[in-house]
Amino acid sequence: MKLKHIKFALVAVAATTFFVSCSSDNSDTPTPTPPTTELKTEVNLSTSATLGSYLSDKTGRSLYFFSTDANGQSSCTGGCEALWPPFVVDNLTADKLGTGLTLSDFATITTASGKKQVTYKGWPLYYYAPVSGADPYGNAGTNTIEAAGKTSGDGVGGIWFIAKPDYSIMIVRSQLLGHDGKNYKSDYTVGDGVTTYFTDAKGLTLYTFKNDNFQKNNFTKADFSNNAVWPIYETYKIVVPSVLDKSKFSVITVFGKSQLVYNGWPLYYFGQDASVRGANKGISFPAPAVWPVPVKDLPLAI
């Protein structure tokens, strides 16, 4: 009987040891988890100490706007495309956008050369690809897209600008076409010729009123009953292209609303432009130069 008890005890100890050993082995072995698939974001916001936030591709290469694209179509053709290649993403969806970007701000157009190009807030997006590798022996070099984090294309020619998400002012270069159907030059005489002037971030033309005074809106009525004719440019933000002097912009209050001002001149839209990108009919209404477009060298209002 005593021998049976000893055998039983040994079997019990062995079983317990085996169970504990197995339990310990299982707890030390991590349970494998299925791999997760992460979609790469094709467009992101990068940051520069001097330029602030700007759009970049999935590798951090900078994207740009072109001032002559006010109407939302790419005007960079021929040799321009080698220096400023179009940015394109196939089937751009919300999950391919970085934090702070909204899909509704993006679209895709077809360029004159038949290429696809992504737009942001109506502006076609480009890379900057300066020539590199040229030498004194006649080798012309090749166009190479600038490296990630570089922003050397900003301000080129005064018409190429880093693509920022928060501009309140943009610069465009376009023909003035008045309400009367006539082309106008920069001096508001009839004729052909491009003018460089300001729009809002979406390419909608801005105007000044010749009868205004320094930081004084003399047009808008207190009840805003005439605001539909010449709506004030209502914003409190001052984010401008790098070639402009930010200190020349300010904000005034017009009957409780904020209106952006440049060099003392309050800024307006023209109602009959009907929110069409690049339209500038107001330059001849009711007569040429009564409501001129704001330009960089606009004299200080008095």
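Of note:
- For the stretch 85-96, putting each phi into the Karplus relation 6.51 cos²θ - 1.76 cosθ + 1.60 with θ = phi - 60° gives couplings of x, x, 8, 9, 9, 6, 6, 5, 10, 4, 6, 9 Hz, in residue order, rounded to whole numbers and with x for Gly and Pro.
- Among the trypsin sites (Lys or Arg not before Pro) in the stretch 160-245, those located in a DSSP loop and surrounded by at most 12 other Cβ atoms within 10 Å of their own Cβ are LYS210, LYS221.
- Taking amide H as placed 1.01 Å from N in the peptide plane, VAL89 has its amide H under 5 Å from the amide H of VAL118, each at least 5 places away in sequence or on another chain.
- If you take all other residues with their beta carbon under 15 Å from the beta carbon of THR110, and give Lys and Arg +1 and Asp and Glu -1, the sum is -1.
- Proximal charge balance of TYR128 [Cβ under 14 Å; K/R count +1, D/E count -1]: -2
- Efficiency of FRET from Cβ geometry, SER250 and ASP223, R₀ 25 Å, rounded to 0.05: 0.50
- The mean sequence distance of close C-alpha pairs (under 8 Å, at least 6 residues apart), as a share of the length of the stretch 213-302, puts its relative contact order at 30 percent.
- The fraction of Cα-Cα pairs per 10 angstrom bin, counted from 0 for the stretch 43-162, comes to 13, 45, 33, 8, 1 percent, rounded to whole percents.
- Rg then Dmax, both in Å and based on the Cα atoms of the stretch 167-302: 13.7, 40.
The numbers here are math on the coordinates, done by the rules we state, and not lab data. Remember, predicted model here, so these are calculated numbers, not experimental data. Please note: Cβ atoms are built from the backbone with ideal geometry, for glycine as well, and neighbour counts cover all protein chains shown.
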